[in-house]
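Peer 1: Got a structure for you, written out below as structure tokens; questions coming shortly.
The values are calculated or read from the model by the stated rules, or taken from the named source; none is laboratory data. Keep in mind the model is a prediction, meaning the values are calculated, not measured. Glycine gets a Cβ as well: all are built from the backbone with ideal geometry, and neighbour counts include every protein chain shown. Calculation scope for accessible area: heavy atoms of the full protein, side chains included, ligands and nucleic acids excluded. Shrake-Rupley method; radii C 1.70, N 1.55, O 1.52, S 1.80 Å.
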Amino acid sequence: MGMNLAEKIIKSHLVSGKMAPGEDIAIKIDQTLTQDATGTMAYLQFEALGLKKVKTERSVSYVDHNMLQASFENADDHIFLQTIAAKYGIYFSRPGNGICHQVHLERFGAPGKTLLGSDSHTPTNGGLGMLAIGAGGLDVAVAMGGGPFYLKMPEVVNVYLTGKLKPFVSAKDVILEVLRRLTVKGGVGKIIEYTGPGVASLSVPERATITNMGAELGATTSIFPSDARTKEYFRLQKRVKDYVKLVPDKDAKYSQVITINLSKLEPLIAQPHSPDNVIEVGKLKNVKVNQVCVGSCTNSSLSDLMITARLLKGKKVHPDVSTTITPGSKQVFNAIAKNGALAYIIASGARIIESACGPCIGMGQAPASGAVSIRSFNRNFPGRSGTKDANVYLASPEVCVAAALTGYITDPRKLGRFPKVVLPKKIDIDDSGILPPAKNPDKVDVVRGPNIAPLPINDPMPVSYSGEVLIKVGDNITTDHIMPAGAKILPLRSNIPKIAEYVYYQVDPEFAKRAKEKGGGIIIGGDNYGQGSSREHAALAPMYLGVKMVAVKSFARIHLANLINFGILPATFNNPADYDSISQGDILEMLNFKEAVQSSDSLEVENKKKGKKFSLRISLTPRQREIIIAGGLLNYTRAGGK
Ligand code: MIC
Ligand code: SF4
């Protein structure tokens, strides 16, 4: 029987398990990437494994998130990351070199290889036929140490593309359409594989926009074939040697087929506060815009910036709109500087930001109170921009420019004719921003400033447990709710005791205080709990506060793995009425806590306050059960667990 693309790559990397959807498998990881906000923990964890050097084909450490240096913290992190990379055989992409996913696509991604990254948008590199998966930092640390990555064999869903995008309709609209159809939880347990005659009309950066924002579907990853367009991209990047053709077999099977006719797509926009809240731009009337931001790992490629510049050429941004433009990498920045496109942007009155995540993660450019912000980014969760009551919309660079010029959400087709954008056949390739590892690692001292706190270690699981419900939340809770980022909190990523003060800060500022007073406890949640970012701090910081169990209706993939990695028991409700019956402050007693994890799929719970008994479901592999009993993956690995 023929194989699809995802199956082909998984098969050639399979370490254990059966490739049937839902089965537990382990795959070999060829490359890893980290970024600074998750990287400091990942490298402390790698260090704790006690190895001399990474065992991957290529591991790269990027600095792109914590770029504001308002105090010593971020600078401390950068020096730590640079020195630890040099010591352990890791390439180091310096601050200013660009956003991890964009730079990895340009310089390291390779068709047919596997990539594990401590960032949920790692699937960006699926745009060039790579199996690229986001994970928590500890999973990435283990992969750097040569360990396989464990996951459930996903179903493979086919998005079959026909036709060709019309002017002013772009790759962003393709993924917004997929989000509209599948929703933010529609991709859980799935790989989204793009095929069909429409694929050839999309360049690698356009494909990467689509695979990038596939993260918002909750998908394990998204992938495109590697074809003539891929080869063209490798030629531009002067690394044709990394190109291999990779296409699905003609008789490949998929669990579901979704057809999208590119010719029929309209400019789309995701409304506040979820990436799947999608509507045609033309349907929104009289929405006044205060801020526009073009950039982020979704839409900051050379073609995105060239289109933005050409649409701005000879025009001025509206006086009421604060407009920022971020090139995704130094390569893109340099190219637009050399070909003059940057001059059009500057002359338009837009503000240029250095190549980094910036406003996407609330590192600067927080909108004004109650403002409307249109962004070419991938997430518009409440408060993520840094302003709690801002209304953030997500759209293509074309839609962003239309809003910047007119001051209203506007269908970009009203801007007139689509400019002819000719992309250069040649660009400067300059890897001086990527430092190779040291030739003499023994001579490198890892520099640890005061912002680098030691790793907290969890205790093994208790035999029985009785704890208070510290908080009860609803559906689609994001890791931005659980462990917010932004300019104030993100710099504390290397310091768990400090960052733990901010768990659930936006939702309930008293949470951390209460958790400490009660000596830990339990979190109750709804469906798709923990969607969004890969940040393991959303598990690690609750662990530090003594959270022992998170019981919800269903979990998002990466957060579930992170809870297990840090020894917090993830359990699910058998019955929605049990969820309904629980309130914050209830005491839940589980006399067979450890025994259930050892050997059962069911955990008996008594709600002491309500005098009610019910059971929770435990769906864990034998290995995951051992990890939780040990108090987390680090304890488990140190004790010789594989
Ligand atoms: C994000 O887009 O939410 C982040 C910030 O890149 C995160 C990683 C992090 O929280 O450090 C992600 O996507 O995984
Ligand atoms: Fe950075 Fe935003 Fe991309 Fe996350 S989504 S990696 S914060 S640009």
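Peer 1: Are there any pairs with C-beta distances below 7 angstrom linking a residue in region 183-203 that is closer than 27 Å to Ser554 by Cα to a residue that is of a type in the set (Asp, Glu), with the two at least 6 apart or on different chains, and if so which?
Peer 2: Filtered contacts from region 183-203: Thr183/Asp276; Val184/Glu216; Val184/Asp276; Lys185/Asp527; Gly189/Glu155; Lys190/Glu155.
Yes or no, residue by residue, for (1) touching a residue at least 40 places away in the same chain (Cβ under 8 Å); (2) outside any helix (DSSP H, G or I); (3) out of contact with any Leu (no Cβ under 7 Å at 6 or more places or on another chain):
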{"residue": "Asp276", "(1), (2), (3)": "yes, yes, no"}
{"residue": "Asn286", "(1), (2), (3)": "yes, yes, yes"}
{"residue": "Thr298", "(1), (2), (3)": "yes, yes, yes"}
{"residue": "Ser303", "(1), (2), (3)": "yes, no, no"}
{"residue": "Met306", "(1), (2), (3)": "yes, no, no"}
{"residue": "Leu311", "(1), (2), (3)": "yes, no, no"}
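Peer 1: Next up: Answer yes or no: is there a residue in region 346-362 that is in contact with a helix residue (DSSP H, G or I) (Cβ under 9 Å, 6 or more places away or on another chain), assigned to a helix (DSSP H, G or I) and more than 16 Å from ligand 2 (Cβ to nearest atom).
Peer 2: Scanning region 346-362 turns up at least one residue that is in contact with a helix residue (DSSP H, G or I) (Cβ under 9 Å, 6 or more places away or on another chain), assigned to a helix (DSSP H, G or I) and more than 16 Å from ligand 2 (Cβ to nearest atom).
Peer 1: Cβ-Cβ below 6 Å, separation at least six or inter-chain, first residue in region 404-422 and under 15 Å from Lys313 (Cα atoms), second open to solvent by 40 Å² or more (accessible area, probe 1.4 Å): which pairs?
Peer 2: Close Cβ pairs satisfying both conditions: Leu405/Lys315; Phe418/Pro167; Pro419/Arg310; Val421/Arg310.
Peer 1: Within the bounds of region 433-447, is there any residue that is under 29 Å from Pro167 (Cα atoms) and assigned to a loop (DSSP other than H, G, I, E, B)?
Peer 2: no
Peer 1: From the list Asn458, Asn476, pick out the single residue that is more than 16 Å from ligand 2 (Cβ to nearest atom), assigned to a loop (DSSP other than H, G, I, E, B) and under 23 Å from Pro359 (Cα atoms).
Peer 2: Working: Asn458 fails: under 23 Å from Pro359 (Cα atoms).
So the residue among Asn458, Asn476 that is more than 16 Å from ligand 2 (Cβ to nearest atom), assigned to a loop (DSSP other than H, G, I, E, B) and under 23 Å from Pro359 (Cα atoms) is Asn476.
Yes/no per residue for (1) within 16 Å of ligand 2 (Cβ to nearest atom); (2) touching a strand residue (DSSP E or B) at 6+ places or on another chain (Cβ under 7 Å); (3) modelled with pLDDT of 95 or more:
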site	(1), (2), (3)
Lys513	no, no, yes
Lys518	no, yes, yes
Ile524	no, yes, yes
Arg535	yes, no, yes
Leu540	no, no, yes
Lys548	no, yes, yes
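This table checks each residue for (1) within 22 Å of Lys443 (Cα to Cα); (2) crowded, with 23+ Cβ neighbours inside 10 Å; (3) away from ligand 1 (no atom under 16 Å from the Cβ).
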position: Leu51; (1), (2), (3): yes, no, yes
position: Arg58; (1), (2), (3): yes, no, yes
position: Val63; (1), (2), (3): no, yes, no
position: Met67; (1), (2), (3): no, no, no
position: Asp77; (1), (2), (3): yes, yes, no
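Peer 1: Out of the residues in region 245-266 meeting the condition of being open to solvent by less than 70 Å² (accessible area, probe 1.4 Å) and among the aliphatic types (A, V, I, L, M), tell me which one is nearest to Leu202 (Cα to Cα).
Peer 2: Leu262
Peer 1: Using beta carbons and a limit of 7 Å, which pairs, at least six apart or on different chains, have the first residue in region 16-37 and of a type in the set (S, T, N, Q) and the second one open to solvent by 10 Å² or more (accessible area, probe 1.4 Å) and within 16 Å of ligand 1 (Cβ to nearest atom)?
Peer 2: Final answer for the pair search is Gln35/His65; Gln35/Asp119.
Peer 1: Next question. Tell me, which residue of region 406-438 that is in contact with a strand residue (DSSP E or B) (Cβ under 9 Å, 6 or more places away or on another chain) and at negative phi is surrounded by the most Cβ atoms within 10 Å (Cβ to Cβ)?
Peer 2: Ile409
Peer 1: Right, another one. Taking into account only those residues within region 506-549 that are farther than 17 Å from Met461 by Cβ, open to solvent by 10 Å² or more (accessible area, probe 1.4 Å) and small (Gly, Ala, Ser), which is nearest to ligand 1 (Cβ to nearest atom)?
Peer 2: Ser533
Peer 1: I need a count of the residues in region 280-327 that are within 16 Å of ligand 1 (Cβ to nearest atom) and out of contact with any Pro (no Cβ under 9 Å at 6 or more places or on another chain).
Peer 2: Counting residues in region 280-327 that are within 16 Å of ligand 1 (Cβ to nearest atom) and out of contact with any Pro (no Cβ under 9 Å at 6 or more places or on another chain) gives 2.
Peer 1: Determine whether Gly134 is touching a His at 6+ places or on another chain (Cβ under 8 Å), surrounded by 24 or more Cβ atoms within 10 Å (Cβ to Cβ) and at pLDDT 95 or above.
Peer 2: For Gly134, the condition - touching a His at 6+ places or on another chain (Cβ under 8 Å), surrounded by 24 or more Cβ atoms within 10 Å (Cβ to Cβ) and at pLDDT 95 or above - is met.
Peer 1: Has region 388-402 got any residue that is more than 27 Å from Asp475 (Cα to Cα) and either within 16 Å of ligand 1 (Cβ to nearest atom) or surrounded by fewer than 21 Cβ atoms within 10 Å (Cβ to Cβ) (or both)?
Peer 2: No, region 388-402 contains no residue that is more than 27 Å from Asp475 (Cα to Cα) and either within 16 Å of ligand 1 (Cβ to nearest atom) or surrounded by fewer than 21 Cβ atoms within 10 Å (Cβ to Cβ) (or both).
Peer 1: Name the strands (runs of 3 or more DSSP E) wholly within region 155-234 that hold at least 2 residues that are farther than 17 Å from Gln102 by Cα and touching an Asp or Glu at 6+ places or on another chain (Cβ under 6 Å)?
Peer 2: Per the criteria, 155-162.
Peer 1: Within region 116-134, work out how many residues are within 14 Å of ligand 2 (Cβ to nearest atom) and not in a helix (DSSP H, G or I).
Peer 2: Number of matching residues: 7.
Peer 1: While we're on this one: Of the conditions (1) more than 23 Å from the chain's Cα centre (by Cα); (2) within 21 Å of Gln102 (Cβ to Cβ), Leu33 satisfies every one except a single condition; which number is it?
Peer 2: Leu33 satisfies all of (1) more than 23 Å from the chain's Cα centre (by Cα); (2) within 21 Å of Gln102 (Cβ to Cβ) except (1).
Peer 1: Residue by residue through region 79-101, note down the ones that are open to solvent by less than 20 Å² (accessible area, probe 1.4 Å) and either within 16 Å of ligand 2 (Cβ to nearest atom) or among the small types (Gly, Ala, Ser) (or both).
Peer 2: Leu81, Ala85, Gly89, Ser93, Asn97, Gly98, Ile99, Cys100, His101 - these are the residues of region 79-101 that are open to solvent by less than 20 Å² (accessible area, probe 1.4 Å) and either within 16 Å of ligand 2 (Cβ to nearest atom) or among the small types (Gly, Ala, Ser) (or both).
Peer 1: Name the single residue that is farthest from His65 (Cα to Cα) among those in region 351-360 being open to solvent by 10 Å² or more (accessible area, probe 1.4 Å) and of a type in the set (A, V, I, L, M, F, W, C).
Peer 2: The extreme case among them is Ile352.
Peer 1: Could you please give the count of residues in region 593-642 that are of a type in the set (A, V, I, L, M, F, W, C) and open to solvent by less than 10 Å² (accessible area, probe 1.4 Å)?
Peer 2: Within region 593-642, residues that are of a type in the set (A, V, I, L, M, F, W, C) and open to solvent by less than 10 Å² (accessible area, probe 1.4 Å) number 10.
Peer 1: Ok, one more. Within the set of pairs 6+ apart or on separate chains, which have a first residue in region 532-548 that is closer than 16 Å to Lys516 by Cα, a second that is more than 16 Å from ligand 1 (Cβ to nearest atom) and among the hydroxyl-bearing types (Ser, Thr, Tyr), and C-beta atoms under 7 Å apart?
Peer 2: These pairs meet every condition: Lys548/Tyr465.
Peer 1: Can you tell me which residue among Ile482, Ile477, Ile457 is hydrophobic (A, V, I, L, M, F, W, C) and surrounded by fewer than 18 Cβ atoms within 10 Å (Cβ to Cβ)?
Peer 2: Details: Ile482 fails: surrounded by fewer than 18 Cβ atoms within 10 Å (Cβ to Cβ); Ile477 fails: surrounded by fewer than 18 Cβ atoms within 10 Å (Cβ to Cβ).
Criteria check complete, one pass: Ile457.
Peer 1: To continue, here is another question. May I ask you to list the residues in region 293-307 that are within 16 Å of ligand 2 (Cβ to nearest atom) and either of a type outside the set (Ser, Thr, Tyr) or more than 21 Å from the chain's Cα centre (by Cα) (or both)?
Peer 2: Scanning region 293-307 gives Cys293, Val294, Gly295, Cys297, Asn299, Asp304, Leu305.
Peer 1: Any idea which of Ala215, Ala200 is away from ligand 1 (no atom under 16 Å from the Cβ) and open to solvent by 10 Å² or more (accessible area, probe 1.4 Å)?
Peer 2: After ruling out the rest, the residue left standing is Ala200.
Peer 1: Here's a follow-up. Being farther than 16 Å from Cys357 by Cβ and within 16 Å of ligand 2 (Cβ to nearest atom) is true for just one of Thr38, Thr32, Thr56. Which residue is that?
Peer 2: Values: Thr38 fails: farther than 16 Å from Cys357 by Cβ; Thr56 fails: within 16 Å of ligand 2 (Cβ to nearest atom).
From the options Thr38, Thr32, Thr56, the qualifying one is Thr32.
Peer 1: While we're on this one: Right, Val142: under 16 Å from Ala42 (Cβ atoms), away from ligand 1 (no atom under 13 Å from the Cβ) and buried (at least 24 other Cβ atoms within 10 Å of the Cβ) or not?
Peer 2: yes
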